[in-house]
Every structure is written in C-alpha cells, then in structure tokens.
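Written out below as structure tokens is the structure these notes cover.
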C-alpha cells in the first residue's frame with residue numbers, strides 16, 4: 001500500500017508533535033488529553049495521512065493548554081508545510097479565542113512584529129494581524145512602527161488590520177450613530193467628543 005503522509009518532518013513529524021504534546025500536557029496539567037490521531041483517507045491501494053495539526057487546532061478551540069502551546073510554536077515556524085497556509089490561518093483564528101498567558105502573548109507579538117518589519121506578509125498573515133489586534137500591540141508598537149517599510153502596501157494593509165477596530169464594533173458604532181443623532185462610539189485612541 002502506498003502511504004502519502006502530509007505531516008512534516010523533523011520537529012513537525014507526527015511522532016515529534018505527539019511527544020511535545022505529552023510534555024506540554026504534563027507541564028500544563030491537562031486533565032483530558034486530546035486524541036492526536038491524524039485524519040486518514042484510503043482509496044484503492046493508496047492511503048493519505050493528513051496533518052495532525054488539524055487535531056491540534058481542534059484542541060486549541062477546546063482550550064487545551066498543550067495544544068495552545070503547539071499552535072503558537074506552529075505560528076513561529078518559518079518552514080513550509082503541506083496545507084500550511086490554511087493550517088496556520090486556522091491556528092491563528094483558533095488562538096484568538098483561546099486563553100493565553102502573558103508569555104504567549106509576548107511571543108505572538110514578537111512573531112507578528114518580526115514578520116512586519118521583515119516585510120514578510122504571507123497569505124495567512126491576515127489572521128495573524130487579527131490575532132495581534134485581539135491580544136493588543138503592547139508598548140513596543142511605536143518602536144516597531146518606525147521600522148516598517150512604509151512603501152510596502154502589504155505591510156501597511158496588514159498594519160491597518162491589526163490596528164483597526166473589528167468590523168462588528170465599527171458596524172455597531174455606525175448603527176448607534178445613525179440612531180442616536182450621530183453620537184457614535186468613541187475609539188480608545190481618540191478622546192470622546194463632548195455632546
């Protein structure tokens with residue numbers, strides 16, 4: 001039987017991810033460990049083994065601390081993966097709803113800021129920018145902003161995504177402004193105008 005394994009190699013192989021998950025589950029006292037069995041599809045004499053990161057993302061969504069740590073490591077990785085754009089975008093989306101420690105937030109900021117300064121804005125960066133908006137840009141933002149390539153439209157668009165208010169907040173503010181005689185919502189970075 002021909003086996004087509006879409007899991008990575010080295011530190012991102014199926015065995016290595018399971019081993020690190022076990023270490024993190026013990027470190028973070030995970031009571032109910034996730035089942036990190038990759039999805040498998042068989043047809044004729046071929047067997048496809050899909051990335052175990054799909055199950056890690058499910059664990060992030062469930063609030064599993066070990067999966068959250070693996071998800072952040074995945075975002076920090078520069079290596080290319082099969083289905084990598086999709087998996088990294090989904091991991092960043094799941095991390096937006098996950099409980100994060102201060103250290104994890106700092107690591108996310110460092111990764112996203114580093115990519116912005118380097119001008120490296122891949123497909124999945126839109127979700128990274130939304131994750132940064134969720135955790136906040138922190139005190140380093142002014143120093144990072146000065147180092148950005150202002151001529152790179154992708155960097156500047158990503159910067160506007162990470163710094164803008166979410167669409168649902170803008171929509172609520174617009175609706176409130178229309179119904180309340182134009183009072184709208186105040187932005188945290190702008191003082192509220194007097195009535």
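Taken together, the values in this text are just the output of simple stated rules run on the coordinates, not laboratory data. These numbers come from a predicted model, not from an experiment. Glycine also receives a Cβ, built like all others from the backbone with ideal geometry; neighbour counts cover every protein chain displayed.
Okay, here's what the table says:
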| item | result |
| --- | --- |
| Some residue of the range 36-45 being within 22 Å of residue 135 (Cα to Cα), within 21 Å of the chain's Cα centre (by Cα) and surrounded by 13 or more Cβ atoms within 10 Å (Cβ to Cβ) | no |
| Qualifying residue in the range 97-113 (condition: exposed (fewer than 15 other Cβ atoms within 10 Å of the Cβ), over 23 Å from residue 70 (Cα atoms) and touching a residue at least 24 places away in the same chain (Cβ under 8 Å)) | no |
| So residue 33, is it touching a helix residue (DSSP H, G or I) at 6+ places or on another chain (Cβ under 9 Å) and not in a helix (DSSP H, G or I) | yes |
